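Asks: There's a structure below that I have some questions on.
The values are calculated or read from the model by the stated rules, or taken from the named source; none is laboratory data. Worth saying up front: this structure is predicted, and the values here are computed from it rather than measured. Using ideal geometry, Cβ is built from the backbone for each residue, glycine included, and neighbour counts are taken over all protein chains shown. These accessible areas exclude ligands, DNA and RNA; they are computed on the full protein's heavy atoms, side chains included. Shrake-Rupley method; radii C 1.70, N 1.55, O 1.52, S 1.80 Å.
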Amino acid sequence: MLNIDINSQSGKDFSGDVLIVPVFSGRERHRLPLAISKVARQVMDESDFKADYLEIVPLHHPNGVKDCRWMVLVGLGEEEAVTHNKIRKAVGAAARYGLKKGWKKVGVISPSTSLLDHDEVQVAVLEGALLANYDFVAYKGKPEPKRFEVLEVFTNGDDTRKARRRLPQIEAGVAACHRVRDLASTPAADLYPESFADMAQKLAKQHKLGFEAMGPDELTKGGFNSLMAVGQGSARTPRVVKLEYKPKEKPKKHVVLVGKGVCFDSGGLSLKDPSGMETMKGDMTGAAIVLATLVACAEAAVPVQVTGILGLVENMPSGNSCKPGDVLKSRSGKTIEVLNTDAEGRLVLADLLHYASGMGADHIVDLATLTGACVIALGDGVSAIYGTDQKLVERLLDAGSTTGEHLWQLPLVEEYRESLKSPVADIKNITGHRRGGSITAALFLKDFVQHESWVHVDLSGCWSAADRDYRPQGPTGEGPRWLLDWLMA
Ligand code: BES
Ligand code: MN
Ligand code: ZN
């Protein structure tokens, strides 16, 4: 368990493994406690440390700060260009540096600048350190996670009450982020539709969420033929899980979250090449985000009713697999010609979005690792957002910038719908060319939504190729924090 404290001391008397000190470049502007500022100035005068953004220098037993074993200076760059996000990431980068050393007792100086509210700075410091405090070791021979035991944030006189009040929400968001990382890291051998549904049921019970699961028989009866077709090649049968969070008081609105939960995407008969499959245990990240967000809703007591739908399937080649050329009758009644079994996410979501449309909610938001094209377009640090409700899209873009989880709107270009026309069915599941692949996938989904306020997120930012700032290599765990930011307000 991590012990978190935020207090208005200066930090110069901190005793522990490492004191993290964020510093601005440009020497005159430090408003650091004197003993610490002396250390920082000396390093900047005598070495080539410039306090550029994310630049890190470890100092052993710094002069004048006698009880701290290590001090880690981390650059924030120029003060004029500071943002909450830079503070969160710089603190996170320094925290991960300490984490890898195995340091347990950590202090952080909350940086002082007149350009930002200090309570918001404190929140960013807490988030950066907490998001960084993660290590996936479940599959090591000796699972000994490197995690902090104590985190102390020093504000040097600034009031800490607002940040303290935000702690439950911060902790719920961080726990959800870490839960998504855990789930997306778990091998498909252990996390498959049935085991995922069982785990969701346990969590639902713990957090007093409503829980319903449909197995293959009910799904077939319910007309989820498009989703069922994706799973038919696997020995592991599909599940659709419905979770329900209701606030104590009358809900301000009702939101449905839909998550793509392809527990493994081999491509099916349209088999991926080996490198294309390496990260496909993470093709259930949308569903993981929905589950983790529902748990966080309960922990943070959001004032909105939230329904979560997880579409859990495994996409495998076998003698039973769906074949290119097959025509599926989706739950909506629309028929789909499958020409590529690797475009399976949209087949799963087609049925789920139609199902969600009937729930009388105010908004539908789906989250899916839908296209490799999106990763090519935006890289692995930004996810794409599309929607038929521009106000909602803008609210979510705001939530993304507040939480530092980058979203970027792409257009639903109606004229591209043309390339999804099928000669034999109502729609086909690929265009046959690679242009605008994330957009044409979103347009495919739109055909199955019967609701005026729908948003789709193509999760290109959910898997990081490298270790960076507070994010480890692998699943980033983004999603729940921006969803929570939206649902709280
Ligand atoms: N799950 C993949 C998309 C994906 C690939 C996400 C790599 C993140 C990283 C999806 O099911 C898929 O295979 N999409 C195909 C669609 C194509 C066949 C039209 C793709 O992107 O190649
Ligand atoms: Mn696929
Ligand atoms: Zn997929």
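Asks: Report, to the nearest whole %, how much of the accessible area of the stretch 3-156 belongs to carbon and sulfur atoms, 1.4 Å probe, protein only.
Replies: The computed percentage sits at 47.
Asks: For the chain, what is the mean residue ellipticity at 222 nm derived from helices alone (per DSSP H run of n ≥ 4: -39500 (n - 2.57); sum divided by total residues; nearest 500 deg cm²/dmol)? It would help to have the intermediate numbers written out before the result.
Replies: Working: 14 runs with 171 residues, N = 489.
Calculated at 222 nm, the ellipticity per residue is -11000 deg cm²/dmol.
Asks: Moving on. Where a ≥ b ≥ c are the square roots of the eigenvalues of the C-alpha gyration tensor, would you call the stretch 3-156 rounded, which needs a/c under 1.5, or, failing that, prolate if a/b is larger than b/c, or oblate?
Replies: In terms of gyration-tensor shape, prolate.
Asks: So, one more: Can you list the lysines whose alpha carbon sits under 17 Å from that of residue 272, skipping same-chain ones fewer than 8 residues off?
Replies: The reachable lysines, counting only those whose Cα sits under 17 Å from residue 272, are 281, 323.
Asks: Right, another one. If I take every Cα pair under 8 Å that is 6 or more residues apart in the stretch 395-489, average their sequence separation and divide by the length, what percent do I get for the relative contact order?
Replies: Relative contact order for the stretch 395-489 comes out at 32 percent.
Asks: Counting only C-alpha contacts under 8 Å and six or more residues apart, can you give the relative contact order of the chain as a whole percent?
Replies: That works out to 15 percent.
Asks: I'd like the antiparallel share, as a percent to the nearest 5, of DSSP beta bridges with both residues in the chain.
Replies: In the chain, approximately 35 percent of DSSP beta bridges are antiparallel ones.
Asks: Let me ask another. Treating the beta-carbon of each Lys and Arg as +1 and of each Asp and Glu as -1, no other charges, what is the dipole magnitude of the chain about its Cα centre, to the nearest 20 debye?
Replies: 800
Asks: Under 1.5 on a/c is rounded, so check that first for the stretch 82-173, then, if it is not, pick prolate when a/b is larger than b/c and oblate when it is not; a ≥ b ≥ c are the square roots of the alpha carbon gyration tensor eigenvalues. Present the calculation step by step, with values, prior to reporting the outcome.
Replies: Numbers: a/c = 2.26, a/b = 2.03, b/c = 1.11.
It comes out prolate by the Cα gyration axes.
Asks: Sorted by average packing, counted as other Cβ atoms within 10 angstrom per residue and highest first, what order do 454-465, 341-352 take?
Replies: So the order, starting with the most tightly packed, is 341-352, 454-465.
Asks: Another question, then. Stretched out fully, how many nm does the piece from residue 158 to residue 390 gain, at 0.36 nm a residue minus the Cα gap? Walk me through the numbers before you get to the answer.
Replies: Working: separation 232, 0.36 × 232 = 83.52 nm, distance 3.87 nm.
Extra length from residue 158 to residue 390 when fully extended: 79.7 nm.
Asks: Cross-link candidates for residue 421: which lysines have Cα within less than 16 Å, leaving aside residues fewer than 8 places away along the same chain?
Replies: Qualifying lysines at Cα under 16 Å: 329, 334, 446.
Asks: Taking the full set of protein chains and a 1.4 angstrom probe, give the accessible area of residue 154 in square angstrom, rounded to the nearest 10.
Replies: Its heavy atoms expose roughly 0 Å² to the probe.
Asks: How many percent of all Cα-Cα pairs in the stretch 1-77 sit more than 22 Å apart?
Replies: 20
Asks: Considering only DSSP states other than H, G, I, E and B, which trypsin sites (Lys or Arg not before Pro) in the stretch 396-468 qualify as loop sites with at most 16 other Cβ atoms within 10 Å?
Replies: Those that pass, being in a loop and sparsely packed, are 421, 434, 435.
Asks: For residue 409, which sequence-distant residues (separation of 5 or more, or a different chain) have an amide H within less than 5 Å of its own amide H, given hydrogens modelled in the peptide plane?
Replies: Residues meeting the criterion, in which the H sits 1.01 Å from N, are 385.
Asks: Let me ask something additional. Divide, for the stretch 306-345, the radius of gyration over alpha carbons by 2.2 N^0.38 Å, where N is the residue count.
Replies: 1.38
Asks: Could you list, in their original order, any pairs among 89/248; 202/260; 105/260 whose Cα atoms are separated by more than 29 Å?
Replies: 89/248; 105/260
Asks: As I understand it, the dipole of the chain uses +1 on the Cβ of Lys and Arg and -1 on the Cβ of Asp and Glu, about the Cα centre. Which of 459, 232, 393 lies farthest toward its positive end?
Replies: Final value for the positive-end residue is 232.
Asks: So what's the stretch 248-340 giving for Cα Rg divided by 2.2 N^0.38 Å, two decimals?
Replies: 1.42
Asks: Within the stretch 141-201, report the GluC sites (Glu not before Pro) that DSSP leaves as loop and that have at most 12 other Cβ atoms within 10 Å. Intermediate results must be reported in sequence, preceding the final value.
Replies: Working: sites: 149, 152, 171, 194; in loops: 149.
Passing both the DSSP loop test and the Cβ count: no residue.
Asks: Let me ask something else about it. Based on Cα positions only, what radius of gyration and what Dmax would you give for the chain, in angstroms?
Replies: Expressed in Å, the Cα Rg and Dmax of the chain come to 23.9, 78.
Asks: Within a Cβ distance under 13 Å of residue 190, other residues only, what is the Lys/Arg minus Asp/Glu net charge?
Replies: -2
Asks: A further question on this structure: Any chance you could run the full-extension gain for residue 318 through residue 414? It's 0.36 nm times the residue separation minus the Cα-Cα distance, nm to one decimal.
Replies: Value of the extension gain: 31.0 nm.
Asks: Give me, ordered by chain and number, the residues 5 or more places off residue 468 or on other chains with an amide H under 5 Å from its own placed amide H.
Replies: Amide H to amide H, under 5 Å and 5 or more residues apart or across chains, residue 468 pairs with 473.
Asks: Further question: Could I have the simple spin-label model distance between residue 334 and residue 34, label points 7 Å from Cα toward Cβ, reported in nm to one decimal?
Replies: Placing both labels 7 Å along Cα→Cβ, they lie 7.1 nm apart.
Asks: Shifting gears a bit: Could you report the chain's accessible area per residue, 1.4 Å probe, as an integer in Å²?
Replies: Spelled out: the 1.4 Å probe surface of the chain, per residue, equals 40 Å².
Asks: Which whole-Hz ³J(HN,Hα) couplings does the stretch 408-420 yield from phi under the Karplus relation 6.51 cos²θ - 1.76 cosθ + 1.60, θ = phi - 60°, glycine and proline marked x?
Replies: Residue by residue, the stretch 408-420 yields 9, 7, 10, x, 7, 7, 4, 5, 6, 4, 3, 6, 9 Hz.
Asks: Quick one: pull the percent of accessible area on the stretch 175-488 belonging to carbon and sulfur, 1.4 Å probe, ligands and nucleic acids left out. Intermediate results must be reported in sequence, preceding the final value.
Replies: Details: 5920 of 11630 Å².
Reported share for carbon and sulfur atoms: 51 percent.
Asks: Non-local amide H neighbours of residue 264 (under 5 Å, H modeled in plane, Pro and chain starts lacking H): which ones?
Replies: For residue 264, the qualifying residues are 315.
Asks: Work out, step by step, the length gained on full extension between residue 167 and residue 489: first 0.36 nm times the residue separation, then minus their alpha carbon distance; give nm to one decimal. Can you show the working numbers first?
Replies: Numbers: separation 322, 0.36 × 322 = 115.92 nm, distance 1.59 nm.
Once the chain is fully extended between residue 167 and residue 489, it gains 114.3 nm.
Asks: Measure off 7 Å from each Cα along the Cα-to-Cβ vector at residue 272 and residue 201, then give the distance between these two points in nanometres to one decimal.
Replies: Going from the residue 272 label point to the residue 201 one covers 2.9 nm.
Asks: Continuing with the same structure: Applying 1/(1 + (r/R0)^6) with R0 = 45 Å to the Cβ-Cβ distance of residue 114 and residue 248, what FRET efficiency is obtained, to the nearest 0.05?
Replies: 0.65
Asks: Could you compute how much accessible surface residue 485 exposes when probed at 1.4 Å, giving the result in Å² to the nearest 10?
Replies: Accessible area, nearest 10 Å²: 30 Å².
Asks: What are the ³J(HN,Hα) couplings of the stretch 380-389, residue after residue, when phi is run through the Karplus curve with 6.51, -1.76, 1.60 and θ = phi - 60°? Round to Hz, x for glycine and proline.
Replies: For the stretch 380-389, the Karplus-derived couplings read 9, x, 9, 10, 8, 10, 10, x, 9, 10 Hz, x marking Gly and Pro.
Asks: Follow-up. Output wanted: per-residue J couplings in Hz (rounded whole) for the stretch 267-278, from phi through Karplus 6.51 cos²θ - 1.76 cosθ + 1.60, θ = phi - 60°, x for Gly and Pro.
Replies: x, x, 4, 7, 4, 6, 7, x, 5, x, 8, 4
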